[in-house]
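Heads up: the structure comes next, in structure tokens.
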Amino acid sequence: MVHEYSHLVHALHARATYPALAEGFASLAPEYARRDGLKRAGELREATADDADDADDAQEDQWVLPPHITAASALEAGILPPIRQVLTLVHSRQSWNQWMLYSVPTSLLGFIDEEYGRPTLTDIFRHCPENPGPIGQAADIGSAHKELFGTFERYTGVPLDELEAQWHRRLAEMNIDSSSVAAVKLLKDLDRTEMTSLIWALGTGGKKLDPNFLQTFAELQADIVRFGSLSVSAATPDSDTTADGARLTEESLSERIDHLVEWARELWRKAYE
Amino acid sequence: MNPGGKVYVSGYQEDSIRSKAIILARAIRRFGIARLAAVAMVLMLWGAGAAASAAVAQRTVDQVTRYTSIGNDRVILLIPDDICPSEETQQLLLHTATESLRYAEDFFGSRLSHPVVHLWLNAVDKPGSVTPPDGGIRAGDLQGDRRERSSPPNAE
């Protein structure tokens, strides 16, 4: 709920800002709300001076903003988009794009919060420029994007490229599990199903996507997220097994993607029968 | 209700609201009523609509945001017709909603300009259920208010 109410509060300042910022801010607050809840429940402790003596133990207990895991994994996998692309991400049905939209801008904003402080973050929150939308002259959109990038430069006080370099350095310092890196690659690979085009193609013939396909897609996506521990809600003690108890591996998930892609091709053929 | 409230709803937000309504309905069916308070949430920014937008646009415009003022005065909590959450569940939902809003306001250091009214949409007459708790208002009670609006809501 904090996510939705963050949108509500954000609308005080920006009627229709960029989706990456809208979702980034709205996704950031709930992460901190969850952290605060863990602290209250005594399941999370603050880092102490003693932690410096035992860095490994400290890292295990210390809270890390979960979207940093996705961003750091994407960076290591070589698929993290440049900062200008991150800030102008839009909604789509592509699996990897959607996952990025709700996590990568959140990581960037979380980094600004950690590095530059909450006042800087809230300055950006309050002064997000309006999104000109997809319709319009290219020159107008280019100008609007410059305004967007300028907002970050104005309130952080550093050029956008420097901000990106700082953010990447922080992400590169994280000790990311190989399964997380594999998971972001698998999420991106899931886009081979070409879901958006498939739905459109079916729609042209008055047909709808098989709900079983959608459900299989959703279950596979959830398993990939669970396998990579990319989400707190998905990171359960049984994060290496499916709902049916089968063991999750990179290979098994990859095979399931291949199967889904084959299924999608079959649906493509049926779309034009 | 709350005639002073001004709301600006973008096309993007409206699309988002529709999708959230669908997500909510699916979530409730999937997780059951017991987890309603954890998953049930539909936001709808609702109010004076386009006429107010035009009126406000004539005022002094902020150099950065381009808007002079904005208010969000209603939040719709959509409860599908086919479920009957108990009064206790609804109270928990409203409490969670209130706490969530407070957290978001504190986190971003911004306060809504009007108290939020929680509307219980689809609050139909069923025995022992969906009677909006204190702080919540049955959406059906606002029919007259709806007719006065310049643009219809899209969450229904």
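A short reminder: the numbers here are calculations on the coordinates, not readings from a lab. Treat the numbers as computed from the prediction; the structure is a model and nothing was measured. Positions of Cβ are generated from backbone atoms using ideal geometry, with glycine treated the same way; all protein chains shown enter the neighbour counts.
Could you work out the local net charge near A:THR204, counting Lys and Arg as +1, Asp and Glu as -1, over the other residues with Cβ closer than 13 Å to its Cβ?
Values: positive: A:LYS207, A:LYS208, A:LYS270; negative: A:GLU273.
Surrounding charge for A:THR204 is +2.
Which is the longest part of chain A that has none of the trypsin sites (Lys or Arg not before Pro) sitting in a DSSP loop with at most 13 other Cβ atoms within 10 Å?
Numbers: sites that count: A:ARG45, A:LYS208.
Between exposed loop sites, the widest span is A:46-207.
Please label the shape of chain A as rounded, prolate or oblate, based on the square roots a ≥ b ≥ c of the eigenvalues of the alpha-carbon gyration tensor (a/c under 1.5 means rounded; beyond that, a/b larger than b/c means prolate, else oblate).
Since a/c reaches 1.5 but b/c is at least a/b, the shape of chain A is classed as oblate.
Separation between the A:ARG154 and A:VAL90 pseudo-spin-labels, each 7 Å from Cα along Cα→Cβ, expressed in nm?
About 2.4 nm, to one decimal.
Around A:LEU248, which amide H atoms from residues at least 5 apart in sequence, or from another chain, sit under 5 Å from its own amide H, with H modelled in the peptide plane?
Those lying under 5 Å, H to H, from A:LEU248 are A:THR241, A:THR242.
If each of A:ALA172 and A:ARG118 carries a label point 7 Å out from its Cα toward its Cβ, how far apart are those two points in nm?
Inter-label distance under the simple model: 3.2 nm.
Which is farthest toward the positive dipole end of chain A among A:ILE124, A:LEU21, A:THR196, measuring Cα position about the Cα centre, with Cβ charges +1 (Lys, Arg) and -1 (Asp, Glu)?
Highest projection toward the positive end goes to A:THR196.
Any idea how far apart A:ARG40 and A:SER197 come out in nm if each label point goes 7 Å out from Cα toward Cβ?
For A:ARG40 paired with A:SER197, the spin-label model returns 4.8 nm.
Divide by every residue of chain A the summed helix terms, -39500 (n - 2.57) for each DSSP H run of at least 4, and state the resulting mean residue ellipticity at 222 nm, rounded to the nearest 500 deg cm²/dmol.
That calculation yields -21000 deg cm²/dmol at 222 nm.
In 5 Å bins starting at 0, how do the alpha-carbon pair distances of region A:161-233 split up by percent?
3, 13, 16, 16, 15, 12, 10, 7, 5, 2, 0
How big is the charge dipole of region A:77-216 about its Cα centre, in debye rounded to the nearest 20, if each Lys and Arg gets +1 on its Cβ and each Asp and Glu gets -1 on its Cβ?
Once rounded to the nearest 20, the dipole reads 460 debye.
Can you list which of the GluC sites (Glu not before Pro) found in region A:67-176 are DSSP loop residues with at most 14 other C-beta atoms within 10 Å?
Listed in order of number, the matching sites are A:GLU173.
Quick one: putting +1 on the C-beta of Lys and Arg, -1 on the C-beta of Asp and Glu, what dipole do you get for chain A around its Cα centre, in Debye to the nearest 20? It would help to have the intermediate numbers written out before the result.
Numbers: 25 positive and 44 negative charges, 296 e Å.
Here chain A has a charge dipole of around 1420 debye.
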